[in-house]
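Notes for the one structure printed next.
The values are calculated or read from the model by the stated rules, or taken from the named source; none is laboratory data. On a predicted model such as this, the values are computed, not experimentally measured, just so you know. All Cβ positions, glycine included, derive from the backbone under ideal geometry; neighbour counts span all protein chains shown.
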Number of protein chains: 2
Amino acid sequence: MVNYNDIAKLSKVSSTTVSHVINETRFVLPETKKRVKDAMKKLNYQPNLLARGLATGKTHTIGLVISDIRNPFYPELVQGVEELAVKNDYNIFLCNTDYDIEKGLKSIGALIRKKVDGIIITSSQADSLLMGELVNSKVPIVIVNWGRRNVKIDNICVDYKVGMKEAVKHLVSLEHKKIYFVSGPGALKTAKIRIDNFIEAIEKFNRLGLEYKVIEGNHKMDGGLKAVRKILKEKELPTAIICSNDLTAIGAMKGLRLAGIKVPEDVSVIGLDNIALTKIVSPMLTTIELERYKIGKTAMEFLLKRIKEKDLPRQTEILKTKLIVRESTSEAKK
Amino acid sequence: MVNYNDIAKLSKVSSTTVSHVINETRFVLPETKKRVKDAMKKLNYQPNLLARGLATGKTHTIGLVISDIRNPFYPELVQGVEELAVKNDYNIFLCNTDYDIEKGLKSIGALIRKKVDGIIITSSQADSLLMGELVNSKVPIVIVNWGRRNVKIDNICVDYKVGMKEAVKHLVSLEHKKIYFVSGPGALKTAKIRIDNFIEAIEKFNRLGLEYKVIEGNHKMDGGLKAVRKILKEKELPTAIICSNDLTAIGAMKGLRLAGIKVPEDVSVIGLDNIALTKIVSPMLTTIELERYKIGKTAMEFLLKRIKEKDLPRQTEILKTKLIVRESTSEAKK
DNA sequence: ATGAAAGCGCTAACAT
DNA sequence: ATGTTAGCGCTTTCAT
């Protein structure tokens, strides 16, 4: 491995000067500079960023912790982080927790010991355990919070309220009176919040005497399908179903189709997330949009600022959701 | 930051001994060992992996270069790599090239300078440029080769032949005589190979006088849709369309549906990749499977072996594809 | 059974 | 305008 000494010898300067030439950190005579640069070229010098990191305490590396890259939710978020990271010469350690606290802890430990300059945590398990480990490690952190607003840490969180309200309003304007909600897994904080927001939105209209019910799903397709099977047993079907995420909604649509029930003519369906799939299924799914790319990008922006300036006041942003009307909703069936 | 010296002082040994306790690299009296360990606990010691890496030349970090994480092809592959990596205490630098050679080069440069222990390249642009940079950097590399077998580097490559042959055979058995192929972007090596394999498969049956044609798409949905629009202008439609990837096939199905043409009754459609989507669309897509998780896993296995043993003979594996019949294919229309 | 000291490649305060 | 030198935190050879 060629290093400063090699360059220094070849260009007859000290290694200090080599350093200063490389980092442009003090004046060096043009001709000396040229000698050094020529030597670097000749030796095909590649800086050792580990050594640099050790000396400076900055690695230009960040960690990105997510639950599961196969969840169609994440790729765009990752993209948002990545683009901005690369633009600013950062590399990303990608860590999948696989929804496993142990694995998450292990990853975060490694990140800290590898001296990342910062960490973005988007895992739904942004748990007190993980947090504990992190907070006292003094590494800059940004958390993407699927839940309620966090205490002291930079965070960006998602507000489903607006979108959910729009969704209900949309249905009401189409004269729906009986609206069901298929939720995510009961244990998931995210899922609970979505339920709450649904109920809140519904109750805004309670002068209309809306009828509603919450059925548990699992945030996957089969959950939506099963939920519909359950619903089908009732004597009178709802005229609309809102689902806790798009996969669920797509499963629900499938269930309805299999039962010979038409979407949206007989039953309207609304999803949440606006994953790419929603535009592909038929009918195209009306859904509540969540700007995943922007979430990632904003998280990275926060992190960059935090890295530059350790004692900035807490940064926080609430990303609103909004309804995207497509083909899976229409007038309520009489 | 607490370091060996702090521990050494507190436990009244030399920092050498601390190192040996931590790495279990030579005998230390049980009682001394205990003192050291207690001190570590007390100080909540976290090793600095940069320093370790600098001293040992091993970072327990690898780079994974892909084209675009939003391409539904990649997440599973990444998962395959990640799981095995974490199991072996490696972290992953994820690099998106965004199909951009410049960005790819930049990333790879950074990986090398950050002293990764190895690199997996799955970018379709596994180009001579990138390769040049890499080969003489002596970093262990595994390339996932969408193309023809590579020369000297460990690689795993995908053989579409079998799957493509099965696909054509399947169609032939359903009495299709006019089969079109919607390809990927012309410039892409991968895409070319898929075309070749298609033609090769078709020509195996040329005693039957099959009619065929290749239409250029772009490996995205709209490409499939546009290709179908083009096809619709012909006087006599093909009875079957094979697509270079699943997104294209799904776009094609959409195009057909919009034109009032039924899949599979009027036209059969076959995709390639077997992404999750194929089971969600309706009709479910018949497709050629490519085991992406396994690709990732195998690549990581190769890399681990290569890291352990620099001068292993070249490792290589060819992953076969196979046809998965679902709902989008049926008897040819008379 | 343990320590001293040099070295990994780079930075930066202090000289000159 | 450039050099000397002491680190950064860890490993490892050579002593004892």
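When the residues of the range A:1-16 are narrowed to those that are among the hydroxyl-bearing types (Ser, Thr, Tyr) and near DNA strand C (Cβ under 8 Å from one of its atoms), which ends up farthest from A:ASN48 (Cα to Cα)? Even if it seems obvious, please write down each step before you answer.
Of all residues in the range A:1-16, those among the hydroxyl-bearing types (Ser, Thr, Tyr) come to A:4, A:11, A:14-16.
Going one step further and asking which of them are near DNA strand C (Cβ under 8 Å from one of its atoms), we end up with A:4, A:14-16.
Values: A:TYR4: 10, A:SER14: 18, A:SER15: 14, A:THR16: 16 Å.
The residue in question is A:SER14.
The rows are residues; the columns are (1) within 12 Å of another protein chain (Cβ to nearest Cβ); (2) in contact (Cβ under 8 Å) with a residue 40 or more places away in the chain.
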| position | (1), (2) |
| --- | --- |
| A:ALA240 | no, yes |
| A:ASN245 | no, yes |
| A:GLY251 | yes, no |
| A:PRO264 | no, yes |
| A:SER268 | no, yes |
| A:ILE275 | yes, yes |
Would you check if there is a residue in the range B:72-79 being facing chain A (nearest Cβ under 8 Å), polar (S, T, N, Q) and away from DNA strand C (no atom under 16 Å from the Cβ)?
-> yes
Among B:GLY224, B:GLY255, which is free of Cβ contacts under 8 Å to residues at least 60 places away in the same chain, within 14 Å of another protein chain (Cβ to nearest Cβ) and under 19 Å from B:ILE288 (Cβ atoms)?
-> B:GLY224
Condition broken by B:PRO30, with the remaining ones in (1) in contact (Cβ under 8 Å) with a residue 60 or more places away in the chain; (2) away from DNA strand D (no atom under 12 Å from the Cβ) satisfied | (1)
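Which of the strands (runs of 3 or more DSSP E) found entirely inside the range A:270-334 contain at least 1 residues meeting this: within 15 Å of the chain's Cα centre (by Cα) and surrounded by fewer than 22 Cβ atoms within 10 Å (Cβ to Cβ)? Can you show your working first?
Numbers: elements: A:286-289, A:316-320, A:322-324.
Result: A:286-289, A:316-320.
Based on this model, can you work out whether B:ALA187 counts as assigned by TED's automatic domain parsing to the domain that holds B:ASN274, more than 19 Å from B:ALA332 (Cα to Cα) and crowded, with 18+ Cβ neighbours inside 10 Å? I'd like the intermediate steps shown before the answer.
Details: assigned by TED's automatic domain parsing to the domain that holds B:ASN274: yes; more than 19 Å from B:ALA332 (Cα to Cα): yes; crowded, with 18+ Cβ neighbours inside 10 Å: no.
For B:ALA187, the condition - assigned by TED's automatic domain parsing to the domain that holds B:ASN274, more than 19 Å from B:ALA332 (Cα to Cα) and crowded, with 18+ Cβ neighbours inside 10 Å - is not met.
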Search the range A:51-71 for residues being more than 9 Å from chain B (Cβ to nearest Cβ) and within 14 Å of the chain's Cα centre (by Cα), and hand back the single one that is surrounded by the fewest Cβ atoms within 10 Å (Cβ to Cβ).
-> A:SER67
Show the residue pairs that are 6+ apart or on different chains and have beta-carbon atoms under 6 Å apart, the first residue being within the range B:8-19 and over 8 Å from B:ALA39 (Cβ atoms) and not assigned by TED's automatic domain parsing to the domain that holds B:VAL36, the second being in a loop (DSSP other than H, G, I, E, B) and more than 8 Å from DNA strand C (Cβ to nearest atom).
-> none
Answer yes or no as to whether B:ASN48 is near DNA strand D (Cβ under 8 Å from one of its atoms), at negative phi and either surrounded by fewer than 22 Cβ atoms within 10 Å (Cβ to Cβ) or touching a residue at least 40 places away in the same chain (Cβ under 8 Å) (or both).
-> yes
Look through the range A:95-108, keep the residues that are at the interface with chain B (Cβ under 8 Å from one of its Cβ atoms) and modelled with pLDDT of 90 or more, and return whichever of them is farthest from B:PRO47 (Cα to Cα).
-> A:ASN96
When you look at B:ALA227, is it in contact with a strand residue (DSSP E or B) (Cβ under 6 Å, 6 or more places away or on another chain), closer than 18 Å to B:ILE195 by Cα and crowded, with 17+ Cβ neighbours inside 10 Å, yes or no?
-> yes
Exactly one of B:ASN71, B:ASN136, B:ASN91 is at pLDDT 95 or above, of a type in the set (S, T, N, Q) and not assigned by TED's automatic domain parsing to the domain that holds B:ALA187, and that residue is B:ASN91
Subset of the range B:17-50 that is within 14 Å of another protein chain (Cβ to nearest Cβ) and among the aliphatic types (A, V, I, L, M) - its residue that is nearest to DNA strand C (Cβ to nearest atom) | B:LEU50
